[in-house]
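A short write-up of the structure that comes next.
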Amino acid sequence: MGAFDQLGRNNQLWVIYPSNEIAFSAPLSRLPCSMQEQLSFTNMEFYQRDGILYLIGGHGHRSTASDHITFPNVYAIDIDGAIQAVIQSGNLQSLIR
């Protein structure tokens, strides 16, 4: 379980503008627990089509399970909306389905 300990998990959503060296973040704690868990773990697959980012799976140790799991959910994120929500501390949950 050391590979998935609390300290090593991703706990932020990031918006990064490399050309300006500007970064914004929003804590995953602003999302429901089920979303937080899946988005904080490793090896999630992704696919972007137009303005939607699809996130699939991920592997980790769920707080309600006794062993590691591969998460079964697929999330679709409105990219432009999520970027603005992170920058402006807006509602992220409404942009993830």
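Out of the residues in segment 1-18 that are in contact with a helix residue (DSSP H, G or I) (Cβ under 6 Å, 6 or more places away or on another chain) and assigned to a strand (DSSP E or B), state the one that is modelled with the highest pLDDT.
Per the stated criteria, the residue is Val15.
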Exercise. Take the residues of segment 31-63 that are charged (D, E, K, R) and over 11 Å from Tyr75 (Cα atoms): which is surrounded by the fewest Cβ atoms within 10 Å (Cβ to Cβ)?
Worked result: Asp50
For this session: For Gly81, indicate whether it is assigned to a loop (DSSP other than H, G, I, E, B) and surrounded by 14 or more Cβ atoms within 10 Å (Cβ to Cβ).
Result: no
For this session: Within segment 7-57, track down each residue that is under 20 Å from Ile87 (Cα atoms) and of a type in the set (Val, Ile, Thr).
Result: Val15, Ile16, Ile22, Ile52
Problem set entry | Residue check, Leu28 modelled with pLDDT under 95, out of contact with any Cys (no Cβ under 6 Å at 6 or more places or on another chain) and surrounded by 13 or more Cβ atoms within 10 Å (Cβ to Cβ) | yes
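Yes/no matrix, rows are residues, columns are (1) assigned to a strand (DSSP E or B); (2) of a type in the set (S, T, N, Q); (3) at pLDDT below 95:
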{"position": "Asn20", "(1), (2), (3)": "no, yes, yes"}
{"position": "Met44", "(1), (2), (3)": "yes, no, yes"}
{"position": "Tyr47", "(1), (2), (3)": "yes, no, no"}
{"position": "His59", "(1), (2), (3)": "yes, no, yes"}
{"position": "Ala65", "(1), (2), (3)": "no, no, yes"}
{"position": "Ile69", "(1), (2), (3)": "yes, no, yes"}
{"position": "Ala85", "(1), (2), (3)": "no, no, no"}
{"position": "Gly90", "(1), (2), (3)": "no, no, yes"}
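The values are calculated or read from the model by the stated rules, or taken from the named source; none is laboratory data. Keep in mind that this is a model prediction, so the values were computed, not measured. Neighbour counts run over all protein chains shown; Cβ positions are idealised from the backbone, glycine included.
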